[in-house]
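Below is one structure; the comments refer to it alone.
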Amino acid sequence: MSNTTHHTVVIIGSGPAGLTAAIYAARANLNPVVVEGEPSSTSDQPGGQLMLTTDVENYPGFPDGVMGPDLMHKFREQAQRFGAQMVTDKVTKVDFSKRPFGVWTGEATPEPTYTAESVIVSTGAQSIMLGLEREAELVGHGLSTCATCDGFFFRDQEIAVVGGGDSAMEEATFLTKFASKVTIIHRRDQLRASKIMQDRAFANEKIEFLWNHVVVDYLGNDKLEGVKVRHTQNSHESELAFAGLFMAIGHKPNTDLFAGQLDMKDSGYLITKPDSTSTNVEGVFACGDVQDDVYRQAVTAAGSGCMAAIEAERWLEAQHS
Ligand code: NAP
């Protein structure tokens with residue numbers, strides 16, 4: 001006998017986008033199931049990237065700020081209050097080639113774990129990190145992946161940005177609003193960033209460049225206090241004190257699961273129709289960072305989660321009329 005259960009809406013991912021979609025879908029009586037990810041994994045832990053942050057001061061409605069994990073617990077509670085079913089599991093396969101759509105969790109089985117009339121994809125993205133020891137522990141404690149979110153905490157302090165692309169230039173330039181000095185640590189002696197972004201960074205008196213260097217270790221115990229860097233040509237190592245370090249070496253959307261089924265950019269971000277969360281597959285919607293390589297904010301993710309649920313509801317209604 002098959003253990004497959006059928007649902008009107010299955011939501012994959014439980015960051016701000018997925019849980020906002022769950023709140024809206026549940027309140028529209030669509031009885032959504034949210035496959036929220038697995039706690040053991042950094043790429044798809046329930047709650048998404050905010051589970052890896054500390055203070056969130058830019059989410060509207062929290063004038064005194066809120067801890068990232070607390071905010072996500074509130075999102076989750078709110079979705080459950082209206083009947084969203086949360087499943088702590090990881091989606092391992094999807095089949096969007098026919099309807100109802102198939103969604104598998106766990107081991108590969110012939111029959112899907114869920115079939116769904118509509119699927120909302122909100123699997124998010126992750127900042128690419130250096131992979132050094134204690135990295136995950138230091139995120140939110142001096143190590144950051146978001147200048148917009150955390151720059152404010154480094155007023156009049158010396159900080160550094162790792163990377164040589166547009167993100168690194170943009171983050172460093174933004175951070176000079178707060179920091180007394182920003183050092184861009186880049187592994188080559190030439191930037192990858194566009195000319196205009198480079199010129200802006202070169203013209204900024206608060207920005208310094210440390211060329212041909214890579215970060216090889218984080219200094220400090222509970223909180224980042226500096227980095228050990230290595231010269232890429234002569235291997236000389238030195239220690240530098242920084243109150244904060246911002247990682248800007250790129251992002252990776254969590255879209256491997258959808259390869260060959262959903263249209264994506266070369267960078268892996270899902271393509272949605274303009275002003276919509278519709279993907280190339282009718283009935284499959286994508287929201288949050290998995291389809292946003294521009295804003296990457298919790299509040300914009302939540303906004304697009306709301307859009308996805310409303311679009312799914314309208315699409316489902318049209319199927320049955
Ligand atoms: P990116 O263009 O891929 O640049 C990543 C940078 O990080 C590169 O300089 C790379 O060094 C460095 N890097 C990668 N892995 C590293 C490692 N393990 N250790 C040390 N350094 C490492 O990524 P991005 O800057 O996030 O930009 C992504 C896309 O978004 C680009 O198309 C960019 O133009 C766009 N974007 C545009 C804007 C804007 O126009 N306002 C702002 C942000 C991003 P190498 O150079 O040596 O490879």
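All of the numbers you see were taken from the coordinates with simple rules; none came from a lab. Note that the structure is a prediction, hence the values are computed from the model and not measured. Here the Cβ positions follow ideal geometry from the backbone for every residue, glycine too, while neighbour counts run over all protein chains shown.
Candidate cross-link partners of residue 223 among the aspartates and glutamates, defined by an alpha-carbon separation under 12 Å and a same-chain spacing of 8 or more, comprise 135, 137. DSSP finds beta bridges in the range 135-247, and of those with both partners inside it, around 40 percent are antiparallel. Just need log10 I(q)/I(0) for the range 135-247 at q = 0.11, 0.12, 0.13, 0.21 Å⁻¹, Debye formula, equal scatterers on the alpha-carbon atoms, no solvent, rounded to two decimals. Treating every Cα as an identical point scatterer, log10 I(q)/I(0) equals -0.31, -0.36, -0.43, -1.13.
Separation of the range 132-199 and the range 233-299, taken as the distance between their Cα centroids, equals 18 angstrom. Is any residue of the range 275-289 close enough, with backbone N under 19 Å, to a label point placed 7 angstrom from the Cα of residue 62 along the Cα-Cβ axis, and if so, which? Residues passing the 19 Å test: 288-289. Projecting the Cα positions of 260, 66, 248 onto the charge dipole of the chain (unit charges on Cβ atoms of Lys, Arg, Asp and Glu, taken about the Cα centre) puts 260 furthest along the positive direction. Over the chain, the ratio between the Cα radius of gyration and 2.2 N^0.38 Å evaluates to 1.07.
Counting only DSSP H runs of at least 4 residues, each contributing -39500 (n - 2.57), and dividing by the residue count of the chain, the helix-based mean residue ellipticity at 222 nm comes to -7000 deg cm²/dmol.
In terms of other Cβ atoms within 10 Å, 144, 14, 235, 276 run from fewest to most in the order 235, 276, 144, 14. Extending 7 Å from the Cα toward the beta-carbon at both residue 137 and residue 166 defines two label points whose distance is 3.7 nm.
Label-to-label distance for residue 177 and residue 196 is 1.9 nm, based on points extended 7 Å past Cα in the beta-carbon direction. When DSSP beta bridges are restricted to pairs lying wholly in the chain, around 45% turn out antiparallel. Distance between the 7 Å Cα→Cβ label points at residue 4 and residue 259: 2.5 nm. Taking 0.36 nm per residue of separation and subtracting the current Cα-Cα distance, fully stretching the chain between residue 225 and residue 273 would add 12.9 nm.
Tell me the net charge near residue 295. Cut-off is 13 Å between Cβ atoms, residue 295 excluded, with +1 for each Lys or Arg and -1 for each Asp or Glu. Net charge around residue 295: -3. The dipole here belongs to the chain: it is taken about the Cα centre, uses +1 on the Cβ of Lys and Arg and -1 on the Cβ of Asp and Glu, and is about 380 debye. Would you mind checking the pairs 228/252; 93/228; 177/228; 98/252 and listing those with alpha carbons more than 32 angstrom apart? With Cα atoms farther than 32 Å apart: 93/228. When the Cα positions of 194, 178, 149 are compared along the charge dipole of the range 135-247, 194 comes out farthest toward the positive end, with charges on each C-beta of Lys, Arg, Asp and Glu.
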